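The values are calculated or read from the model by the stated rules, or taken from the named source; none is laboratory data. Keep in mind that what you see is a predicted model, and the values were worked out from it rather than measured. Positions of Cβ are backbone-derived with ideal geometry, glycine not excepted, and every protein chain shown enters the neighbour counts. SASA here: full protein model, heavy atoms, side chains in, ligands and nucleic acids out. Shrake-Rupley method; radii C 1.70, N 1.55, O 1.52, S 1.80 Å.
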Amino acid sequence: MANLLNSHADFCLPVHENKLIVEHGGLRDIVENLSGRYEINRLHAIIQGFLSRAQRMQQFGFPVPELNHRLNQLRDGQKLNFQQAFEIVQRENPDIPGSIHAIGVRFGIEHYIACINAFLLRVVAHIAPDGIVGADGLLKPFFVARTFTREAILAECGRFLDELYAQPVTAAGASRWIDDTPLNFVNFDFLHALYPKMKFIHMIRDPRDVASSFINQTWFPSDQPLAVSVCAAMIRSYRALKDSIPADSLLEVRLEDLVTKTDETMATVAAFLEVENRFDTKMISSDKANIGRSRDFDAALTGAVNRELGDWMRLQGYLE
């Protein structure tokens, strides 16, 4: 869906999955903590965590050249894709964190770093480069956070994103930008507070296929019962949040409908976004959609999904 929207002249998708917004260590954590109780060491850790996360995402791979050489050897010698090779090297070197997401490269390293640093200076009152010594040992550098109301820190986070996206959006001649981070769908409340006029398109998929997809990813254990449990918990979270934003801010689209009823579905999307229906639908592929991929699931696990989410699945047309 993000790629489809990006095919329209009004929209720009500079990066897939900007993991500095809703995920752990991102802007949501900044807002929730810097507008809460003031605890100097805790707030230092929140700011340090955001900065470290942003720095790791400047480029792909590892901060050690030898590990990147090893990664490339695996890709060339064993014909592995990037994520497969990365997982091997990361498991061999658990104490040296790398990154499989490089949003800094997409935004342009210099622009990306400048936006991060400008944001840091706005949310920090003082930086002690030599650090302080406390119960947790030497904290270096040490960041003393400013105090904010929730509205004020939300405004700073919005300003950071506006600055970060301004350059690629202008270059593309677009007027709006897109983010397709999967966890956005359980963070509607925060995102709506950040951008009250934001539009959410939530892609719905057969939960059995979602659980099947989980166990084939590097970021999830190969455990089918666990995949069922996590999938059910995430959908329950989404349903609990769904009514927290205005109805005209949210559009639900079934993946299956996008593939089998493409013209009708994209007409609905265009109307929701208030743009002409000028999307490049040639990129839609039933093979890439992997509809029905859960057919290899154990029958008992398929039954578990049906029991956990039966009412939701019937509502969405996945069960009779």
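The table below lists the values:
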quantity	calculated
Unmet criterion (only one of (1) free of Cβ contacts under 8 Å to residues at least 60 places away in the same chain; (2) open to solvent by less than 80 Å² (accessible area, probe 1.4 Å); (3) of a type in the set (Phe, Trp, Tyr)) for PHE86	(1)
Selection from the stretch 299-320 of residues that are at pLDDT 80 or above and of a type in the set (Ser, Thr, Tyr)	TYR318
Given (1) surrounded by 21 or more Cβ atoms within 10 Å (Cβ to Cβ); (2) outside any helix (DSSP H, G or I), number of the condition ARG37 does not satisfy	(1)
The listed residue being closer than 22 Å to TRP219 by Cα and basic (Lys, Arg), out of LYS288, LYS282, LYS261	LYS288
Unique match (being outside any helix (DSSP H, G or I) and either open to solvent by less than 70 Å² (accessible area, probe 1.4 Å) or at pLDDT 85 or above (or both)) among GLU256, GLU276, GLU264	GLU276
Hey, ILE100 open to solvent by 30 Å² or more (accessible area, probe 1.4 Å), in contact with a strand residue (DSSP E or B) (Cβ under 9 Å, 6 or more places away or on another chain), β-branched (Val, Ile, Thr) and under 30 Å from ALA171 (Cα atoms) or not	yes
